[in-house]
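Single-structure report; data block below.
Each value in this text was obtained by applying a stated rule to the coordinates, not by laboratory testing. Just so it is clear, the structure is predicted and the values come from calculations on it, not from any experiment. Neighbour counts are summed over all protein chains in view; Cβ atoms, including those assigned to glycine, are modelled from backbone coordinates with ideal geometry.
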Amino acid sequence: MEVLPVNFSFFEGAVVIRIDFGERLDHLASRPPATFQVDDLDMASRTGWSVMVQGTAEEVADPSELARVRAIGLRPWAPGDRDHYVRVLPSRITGRRMMRA
């Protein structure tokens, strides 16, 4: 299992990320299970939230879908091309909010 920081967006009911060509992209051909987690904390108010999306990861390859996904303007922070878009199609979404005790 790998834990990687990624830039992401939500689009048409899925989590979308951008990755570069290589081993991780090759792995997606088998449509592996994937887990995506995003968190936020506000230290001043001692509040936060966490959301976990579990589902199937797949590369967006259809030209018309790819054009729509590219239009959302998701930009990578890391260097490199990151020309491939991957979506996690959720089968389960869970989350929680943390409040000051």
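Annotations
- Ordering VAL3, VAL86, VAL38 by the number of other Cβ atoms within 10 Å of each residue's own Cβ, fewest first, gives VAL3, VAL38, VAL86.
- Once Rg and the Kirkwood radius are both taken over the C-alpha atoms of the stretch 8-96, their ratio Rg/Rh works out to 1.01.
- For the stretch 72-101 versus the stretch 1-22, the gap between their alpha-carbon centres in whole angstrom: 5
- The ranking of SER45, SER50 by Cβ neighbour count inside 10 Å, starting from the fewest, reads SER45, SER50.
- Listed values for the stretch 30-36 are Karplus-derived 3J(HN,Hα) couplings in whole Hz (6.51 cos²θ - 1.76 cosθ + 1.60, θ = phi - 60°), namely 8, 6, x, x, 9, 10, 10, and x replaces Gly and Pro.
- Rounded to the nearest 20, the size of the Cβ-charge dipole of the chain about its Cα centre is 540 debye, with Lys and Arg at +1 and Asp and Glu at -1.
- As a proxy for reagent exposure, ILE17, ILE93 were ordered by neighbouring Cβ count within 10 angstrom, fewest first; the result is ILE93, ILE17.
- Placed amide H near VAL60: partners under 5 Å, 5+ positions off or other chain: TYR85, VAL86, ARG87
- Between amide H atoms placed 1.01 Å from N, distances below 5 Å from ASN7 occur with ARG18, TRP77, all of them 5 or more places distant or on a separate chain.
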